[in-house]
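Engineer: First the structure, then my questions, so here it is.
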Amino acid sequence: MREMRWARTTRRARACGRLVVLLLLTATVLLAPAPRLTPTATSGPAAPAPDPTVPAIGRAWPVGLRPPVLRGWEPPPTPYDRGHRGVDLSAPAGAPVRAVAAGRVSFAGRVAGKGVVAVELTGTGDPPLRTTYEPVRAMVEKGDAVEAGEVVGTVEATGSHCTATCVHWGLRRGETYLDPLSLLPPQLLGRGPSRLLPVLGVPLP
């Protein structure tokens, strides 16, 4: 009888030990830092740290709902070095291009053969923040007031520096280039709330 009780106690102790190890492994996986993503060739927007000098006043993506970022913002080490002064958003030719925030059109025309629309954003200081969109066939004129989400043009089929049609979205304050993604709040960038995952091997209630 003692041997049977000892055997049952041993089996229970081993089962508890395996469960503790499983819980520790699961906690280690859940608490591990997320892998870092490169800002280029992603299926969604890059997620850099927000620029504290840029208010998150954006209320819409320039194109689509959450377009793929083909190339992210890559600030040059000096104003004269090579870099990528904006982000490239995948978009088909003819797609509507929207103002990300309220402002006034400061330019609508062609530069080096490409259609460009620039909007000075309301209430963003002096000099104000200015967003640019290209290549875009403008549907607004200089001086027009625009609201967030209002269509300012359509994507042109040519003039893009992407391998496929895209919109180059830029942001400047004076002569300083900034990351335009910093204009968007977390909900537009797709950074939803954290979710708890079930523990492996433990049945749900």
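The values are calculated or read from the model by the stated rules, or taken from the named source; none is laboratory data. Computed from a predicted structure; not experimentally measured. Every residue, glycine among them, receives a Cβ derived from its backbone with ideal geometry; neighbour counts consider all protein chains shown. The accessibility values were calculated without ligands, DNA or RNA, using every heavy atom of the protein model including side chains. Shrake-Rupley method; radii C 1.70, N 1.55, O 1.52, S 1.80 Å.
Engineer: When you scan segment 151-167, how many residues do you find that are surrounded by 18 or more Cβ atoms within 10 Å (Cβ to Cβ) and part of a loop (DSSP other than H, G, I, E, B)?
Structural biologist: Qualifying residue count for the region: 4.
Engineer: Test Glu141 against the stated conditions and say whether it is of a type in the set (D, E, K, R), surrounded by fewer than 20 Cβ atoms within 10 Å (Cβ to Cβ) and either part of a strand (DSSP E or B) or at positive phi (or both).
Structural biologist: Criteria not met by Glu141.
Engineer: Quick check on my filter: what residues within segment 46-88 are within 18 Å of Pro128 (Cα to Cα), modelled with pLDDT of 85 or more and surrounded by fewer than 18 Cβ atoms within 10 Å (Cβ to Cβ)?
Structural biologist: Residues satisfying the conditions are Pro55, Ala56, Arg59.
Engineer: While we're here: Residues to consider are Val111, Val146; find the one that is open to solvent by less than 80 Å² (accessible area, probe 1.4 Å) and at pLDDT 95 or above.
Structural biologist: Val146
Engineer: With segment 53-137 as the region, which strands (runs of 3 or more DSSP E) entirely inside it contain at least 1 residues that are among the hydroxyl-bearing types (Ser, Thr, Tyr), under 18 Å from the mean Cα position of the chain (by Cα) and closer than 15 Å to Arg173 by Cα?
Structural biologist: Output list reads 129-134.
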